[in-house]
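Just so it is clear, none of the values below were taken in a lab; they were calculated from the coordinates. The model shown is predicted, which means the values in this text are computed figures rather than measured ones. With ideal geometry, Cβ positions are generated from the backbone for all residues, glycine too; neighbour counts draw on all protein chains shown.
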């Protein structure tokens, strides 16, 4: 059976619809050996062409409303981006406009206008280090050696995993200590400017909240978590002059990165819906504050298309808290 016909059977129009939501973070101008999971512009273009050949792509705000109403079209899908990288505006936006597509961009507001997320501090520091030994006992690296970008990538993954779930203040301090070892200055333009966020909105894209500094909410005191969620929204609304109604949980794994307390905080902060990173589809019975998302990682159009459809075949919905 052709994939499009199979997708129509698995995700029919109306009350039995299944909503597919794709997650992206960056779209690179060219491939980067230290960021192999991030598509370049040409890969992103063919991925969207495959997506639109099989699915009906909607703005997430519209899809959320129609999911609740039972009026989604067959094979409904949405495109989302997390964090707020500048290449979303400089590389991804022109391709979205070229193909007539809308996407939702979830922005961590604390990094606008020259900021840098902790993982990028680690990666960009290692990118700049020459080959040779590494002795960083204060962050758990001893008797290590860099030969090439493969070593840099592995060390970055190890360090980022060790930092990810720390208290936000400690995570920032340790990442900054690593950044201070860079032999040359780190880039100041990885994240969007306020003007780029406004340009996305002006181009018809949706802007959503993603906290201020991207903490793991489950590891954050409740008062701080509440301030992160509400503060990010307030910053974006002041910047755009319009309501911000959608939210994405940082890291986003239910029960691990957020729990029922944070679902309530998001709802109480005035958001209409939110998305997780639990793989799967969302249906009319899904919690609108824990919608599923996924990232097809395949590097050929055929396999990418197959995974898009296979994601519809999971009969159970994504886990929720």
Ordering of 174-182, 204-212, 103-111, 231-239 by burial proxy (mean other Cβ atoms within 10 Å per residue, highest first): 103-111, 204-212, 231-239, 174-182
Which order do the peptides 154-160, 280-286 come out in when sorted by mean C-beta neighbours inside 10 angstrom, highest first? 280-286, 154-160
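Checking the a/c ratio against 1.5 first, then a/b against b/c, what shape does the Cα gyration tensor give for the stretch 277-321?
On the way: a/c = 3.24, a/b = 2.18, b/c = 1.48.
Prolate is the answer for the stretch 277-321, as a/c is 1.5 or above and a/b outweighs b/c.
Of all DSSP beta bridges in the stretch 4-121, what percent run antiparallel (nearest 5)? The partial results should precede the final answer.
Working: 0 of 12 bridges.
Just about 0 percent of them are antiparallel.
Let me make sure I get this right: for the stretch 118-179, a, b and c are the square roots of the gyration tensor eigenvalues over alpha carbons, sorted descending. Under 1.5 in a/c it's rounded, otherwise prolate if a/b > b/c, else oblate. Which is it?
prolate
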At the level of C-alpha centres, the distance separating the stretch 88-160 and the stretch 1-63, in angstrom, is 24
From the Cα gyration tensor of the stretch 151-273, with a ≥ b ≥ c the square roots of its eigenvalues, which class applies: rounded if a/c is under 1.5, or else prolate if a/b is larger than b/c, or else oblate? oblate
The extension gain from residue 300 to residue 29, computed as 0.36 nm times the residue separation minus the Cα-Cα distance, is 95.7 nm
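Tell me the mean residue ellipticity at 222 nm calculated for the chain from its helices only (DSSP H runs of n ≥ 4, each -39500 (n - 2.57), averaged over every residue, nearest 500). It would help to have the intermediate numbers written out before the result.
Details: 11 runs with 126 residues, N = 321.
So the helix-based figure for the chain works out to -12000 deg cm²/dmol.
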So if each residue of separation counts as 0.36 nm, and I subtract the Cα-Cα distance between residue 5 and residue 43, what length gain in nm does that give? 11.2 nm
Separation in nanometres of the label points that stand 7 Å from Cα toward Cβ, at residue 310 and residue 202: 4.3
What's the angle, to the nearest 10 degrees (0 to 90), between helix 168-179's Cα axis and the longest principal axis of the chain? 50
Remind me, relative contact order of the stretch 38-183 in percent, using alpha carbon pairs under 8 angstrom and six or more residues apart? 19
Can you give me the relative contact order of the stretch 118-179 as a percent, contacts being Cα pairs under 8 Å and 6 or more apart? 43
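Report the FRET efficiency, 1/(1 + (r/R0)^6), for residue 261 and residue 147, where r is their Cβ-Cβ distance and R0 is 41 Å, rounded to 0.05.
Numbers: r = 45 Å, r/R0 = 1.11.
Efficiency for this residue pair is about 0.35.
Given an 8 Å cut-off on Cα distances and at least 6 residues of separation, report the relative contact order of the chain as a percent. Walk me through the numbers on the way to the answer.
Values: 615 pairs, mean separation 67.4, N = 321.
Rounded, it is 21 percent for the chain.
Calculate how many DSSP beta bridges within the chain are antiparallel, expressed in % of all such bridges and rounded to the nearest 5. The partial results should precede the final answer.
Numbers: 6 of 29 bridges.
Antiparallel bridges make up about 20 percent of those DSSP assigns within the chain.
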